[in-house]
Amino acid sequence: MFEIRPAALSEFALLPALEAEADAAFGTLDPPISVADFPPPADPAEFAAAFHIMVAGRPPAGFVRLEIVDGQAHLEQLAVSPEYARQGIGRALVMAAMAWAREAGFHSMTLCTFAEVPFNAPFYASCGFSELDHRKWGPELAKLRASEANLEAIAPRIAMKIDLTLSE
């Protein structure tokens, strides 16, 4: 298994290509989802501005990007190179992100994802996340979901949450 650790500043330049590689997995679905309407990969400066990024491996085979939304941890992005897919790296990154957030004092973690893509909502559910009713969204999560209108047009999306105080 790959070592999971905070990203080094020098690695931020590697993450856009890794993000684009990971997004290519959507084209393998049946039916395929075109990434043409996805936002472009973040640039190194955007990664550097993130609240926290953890990577797996040297050079990174995957990463998880965390932000703060409504005062709690938010899993903004998980990406694993297709070369290393289905080896437990994504799950290890999610678990490491949850442990890090718990240690940092956060009580919960949210994320937004495609509802029906097997390596999205069903995967996160297997990690302990559950769908978050829109009536329980905070103002920042609601704004984030509203900004995903172009993604929602591609396939249904949901917000999910895990209580970090119960998942130790």
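Overview of results
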{"read-out": "Residue 93 being at pLDDT 95 or above, touching a Pro at 6+ places or on another chain (Cβ under 7 Å) and farther than 26 Å from residue 139 by Cβ", "value": "no"}
{"read-out": "Close pairs (6 angstrom Cβ cut-off, 6 or more residues apart or separate chains): of a type in the set (Val, Ile, Thr) in the stretch 145-161, surrounded by fewer than 18 Cβ atoms within 10 Å (Cβ to Cβ) and at pLDDT 90 or above anywhere", "value": "158/115; 158/131"}
{"read-out": "Counted residues, the stretch 26-76 - those being at pLDDT 90 or above and either touching a strand residue (DSSP E or B) at 6+ places or on another chain (Cβ under 7 Å) or of a type in the set (Gly, Ala, Ser) (or both)", "value": "28"}
{"read-out": "Leading residue by the ranking (nearest to residue 88 (Cα to Cα)) among those in the stretch 147-164 that are open to solvent by 70 Å² or more (accessible area, probe 1.4 Å) and modelled with pLDDT of 90 or more", "value": "161"}
{"read-out": "Selection status of residue 80, in contact with a helix residue (DSSP H, G or I) (Cβ under 6 Å, 6 or more places away or on another chain) and more than 25 Å from residue 142 (Cβ to Cβ)", "value": "yes"}
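Conditions (1) in contact with a Phe, Trp or Tyr (Cβ under 9 Å, 6 or more places away or on another chain); (2) touching a residue at least 40 places away in the same chain (Cβ under 8 Å), marked per residue:
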site	(1), (2)
56	yes, yes
63	yes, yes
69	no, yes
73	yes, yes
76	yes, no
80	yes, yes
85	yes, yes
90	yes, no
94	yes, no
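The values are calculated or read from the model by the stated rules, or taken from the named source; none is laboratory data. Bear in mind that the values here come from a model prediction, so they are computed numbers and not experimental data. No Cβ is skipped: glycine too gets one built from the backbone with ideal geometry, and neighbour counts run over all protein chains shown. Just so you know, the surface numbers come from the protein's heavy atoms only, side chains and all, with ligands and any DNA or RNA stripped out. Shrake-Rupley method; radii C 1.70, N 1.55, O 1.52, S 1.80 Å.
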